[in-house]
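> Starting off with a structure, shown below.
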Amino acid sequence: MSDSRSPDVLVLGAGVVGLACAWYLLKAGRSVVVLDHGRVGGGASHGNCGTLTPSHAAPLAMPGMVGKALRWMLRKDAPFRVAPRFDPELLGWMLRFAQRCNWTDFDAANRAKAAILTHSRALIAGLVRDEGLDCDYAEHGTIYAFRDSAALGAFGWHARSLRDVGIDVVEKTGDELRALEPCLNDEIVGGVFHPGDAQVRPDRYVAELARIVRAAGGTIVEDCAVEGFAVDAGRVAAVRTSRGEYRGRDVVFALGAWSPALGRQLGLRIPVQPGKGYSITYTRPASCPRTPIVCKEASVCVTAWADGYRLGSTMEFAGYDTSLNRVRLDALKRGAALYLREPEGAHVREEWYGWRPMTYDDLPILGRAASADNLVLATGHGMLGVSMSAATGHLVAALVAGLQPAIDPAPYGPTRFRL
């Protein structure tokens, strides 16, 4: 093994994406050190809903989204909200997002997201099986449930967009959904079922990735904040941290929502905005879903595991606001109560928020940066970091090791942002 301060590959970020990159790099024969400013999985990897969802291939940018966002701006509990403030970078991001709200760009992003999500879903199933990951993995699919017939009728584009990219989707009546999940109440008029989706308990999945990375010879250094970089002859020569200097022949930038700030130190303008999401974790209610459910009109996701139950989602662009917004947490409860017979567990275990790294085209940024020969970007996964984690690691390892990628890396390349 290489010196722990000079490995073959230095991975910045010990979230789900950084650890997946570390695992596949180790499998490719590289020595790896992972650095994180906090603890393993302490960011957006921790409190999300843990679904593995090829069904989420549709990009956020689509026709009609701009009008919807404008209508929701003054609603503090809106599922998608941009907090009113002067922020030139966010304004530029939003303008580019708006330009992509058309069917041509939608179809291209839909195909690209479907490819990486489908590949990742298969890889995670193999990881769980082959490495014995203890993470509450289950293959129950996911449900989108509707209370409003008009909203359900207008959702026909969803099934068409998934079938166009080879993802199974089944339309269901309200009675059929209640037969599948009796926890749904009598107000549900119908929805769709995605049989190819799966789920994990995200914190345990990340902990298990850390376990197998260490078992394979990788080193993870926690409480190690990146403070700066030394660049020489077009390469990242060293990474300066609160624990001293580290060097790697290659450096993987898997810093999630923190990518823009640290990227600027390397002259990179990474077009990522922090999309703040929330969740509440409870003890399991008596009437508990087996299948993850998205309460569509309210945009609330409901997942359950053997010893827990979670309400999550919402998207808020409010910068790096560190408050635990009670209005948005209460919106999760109100939303779930419209769809479920028993929307909350008896005891709250955790109230949480995290920042998702959102790109305006809703695709991750994966590949070598043009500005530094040995810098590989692995960020911008939006709301789907867990879902895309294994495919990201697999692709990054192939790019670093000079192997043939399993999927076409072009749609995710940094060059589309001139990085």
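Rule-based calculations on the coordinates, nothing more; no lab input. Everything numeric here is computed off the predicted structure, so don't read it as measured data. Cβ sites come from the backbone with ideal geometry, for glycine too, and all protein chains shown count toward neighbours.
> Report the Cα centroid-to-centroid distance between the stretch 166-184 and the stretch 89-117 in angstrom, as an integer.
About 29 Å separates the Cα centre of the stretch 166-184 from the one of the stretch 89-117.
> Quickly estimate the mean residue ellipticity at 222 nm for the chain, helices only: each DSSP H run with n ≥ 4 gives -39500 (n - 2.57), and the total goes over all residues, rounded to 500. Numbers along the way, then the final one.
Values: 11 runs with 131 residues, N = 419.
So the calculated ellipticity at 222 nm is -9500 deg cm²/dmol.
> Sort by residue number and name the cysteines in the chain that have no neighbouring cysteine Cβ under 4.7 Å.
So, C21, C101, C135, C183, C224, C288, C295.
> Further, regarding this structure: Counting pairs of alpha carbon atoms under 8 Å apart in space and at least six apart in sequence, what relative contact order in percent does the chain give?
It rounds to 26 percent for the chain.
> Just to confirm a number: summing +1 for Lys and Arg and -1 for Asp and Glu over residues other than I124 whose beta-carbon lies under 12 angstrom from that of I124, what do you get?
Numbers: positive: R121, R129; negative: D130, E131, E139, D197, E208.
Within the 12 Å Cβ shell, the charges total -3.
> Sticking with this structure for a sec: What is the local net charge at A14, summed over the other residues whose Cβ is closer than 12 Å to its Cβ (Lys, Arg +1; Asp, Glu -1)? It would help to have the intermediate numbers written out before the result.
On the way: positive: R39, R214; negative: D36, E222, D223.
Around A14, the surrounding residues sum to -1.
> Normalising by the residue count of the stretch 112-198, find the relative contact order in percent from Cα pairs under 8 Å and 6+ residues apart. Kindly include the intermediate steps, with their values, before the conclusion.
Details: 95 pairs, mean separation 34.1, N = 87.
It rounds to 39 percent for the stretch 112-198.
> Continuing with the same structure: Treat each spin label as a single point 7 Å out from the Cα along the C-beta direction, and report the T322 to V231 distance in nm.
2.9
> If Lys and Arg each add +1 and Asp and Glu each add -1, what is the summed charge of the other residues whose beta carbon sits under 11 Å from the beta carbon of C49?
With Lys, Arg at +1 and Asp, Glu at -1, the net is +2.
> Give me the angle, in degrees from 0 to 90, between the Cα long axis of helix 202-215 and the longest principal axis of the Cα atoms of the chain, rounded to the nearest 10.
30
> Any idea what angle helix 326-337 forms with the longest principal axis of the chain, computed on alpha-carbon atoms, 0 to 90 degrees, nearest 10?
Between helix and principal axis, roughly 50 degrees.
> Related question: Straight-line reach from K76: which lysines have Cα under 22 Å away, leaving out those fewer than 8 places along the same chain?
Within the straight-line limit of under 22 Å, K76 reaches these lysines: K68, K276, K296, K333.
> A further question on this structure: For the peptides 93-102, 30-39, 117-126, what is the packing order when you average, over each peptide's residues, the other Cβ atoms within 10 Å and list the highest mean first?
Working: 93-102: 16.0, 30-39: 22.2, 117-126: 19.4.
Top of the packing list down: 30-39, 117-126, 93-102.
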